[in-house]
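K.L.:
Could you have a look at this structure, given as structure tokens, before my questions?
Any read-out appearing in this document is the output of simple, stated calculations on the displayed coordinates, not a laboratory observation. Here the structure is a predicted model, which is why all the values come from computation and not from measurement. Note that we place each Cβ from the backbone using ideal geometry, even for glycine, and neighbour counts take in every protein chain shown.
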Ligand code: ZN
């Protein structure tokens, strides 16, 4: 079951610069940076009343976020939903005809189990399913 909005992912070129804006100008609670070398990303995480904002800076030139910035510029990249069970939700949605980018859940930021849906079948919004197994960061 989809429970709530987990986080909004925002593609950025300069993580330090944008972190200063979100933390110091907007005044959001900064939770820290995290490196995801297998995805070629360095992220900055902010908490806004239990919903998170993840700034995504590519650390390689050829991943999905780098291509997104090249094509569309910086900005909102994806919307993530908190789910109880990513595998079960993926199965339910693909049975309903939704195409998935990830055939099965994989590890994401903060130890979450995540899977992305293909925006071609979600009216052009890149959506992520995000499950937080016990003991992982509750994002
Ligand atoms: Zn995400």
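K.L.:
What do you get for the angle between helix 86-95 and the principal long axis of the chain? Use alpha-carbon atoms, 0 to 90 degrees, nearest ten.
P.N.:
Approximately 60 degrees, to the nearest 10.
K.L.:
Beta carbons within 10 angstrom, averaged per residue: use that to sort the peptides 45-58, 120-133, highest first. Intermediate results must be reported in sequence, preceding the final value.
P.N.:
Values: 45-58: 19.3, 120-133: 16.6.
The packing order, highest mean first, is 45-58, 120-133.
K.L.:
If you don't mind, another one. Roughly what % antiparallel, to the nearest 5, for the DSSP beta bridges in the chain? Display every interim value, and only then the final one.
P.N.:
Values: 31 of 40 bridges.
Antiparallel: roughly 80 percent of the beta bridges in the chain.
K.L.:
Further question on the same structure: Can you tell me, using C-alpha contacts under 8 Å and at least 6 residues apart, the relative contact order of the chain as a whole percent?
P.N.:
Values: 289 pairs, mean separation 34.5, N = 139.
After rounding, I find 25 percent.
K.L.:
Sorted by average packing, counted as other Cβ atoms within 10 angstrom per residue and highest first, what order do 62-69, 96-103 take? Display every interim value, and only then the final one.
P.N.:
Working: 62-69: 16.5, 96-103: 12.2.
The densest-packed peptide leads the list: 62-69, 96-103.
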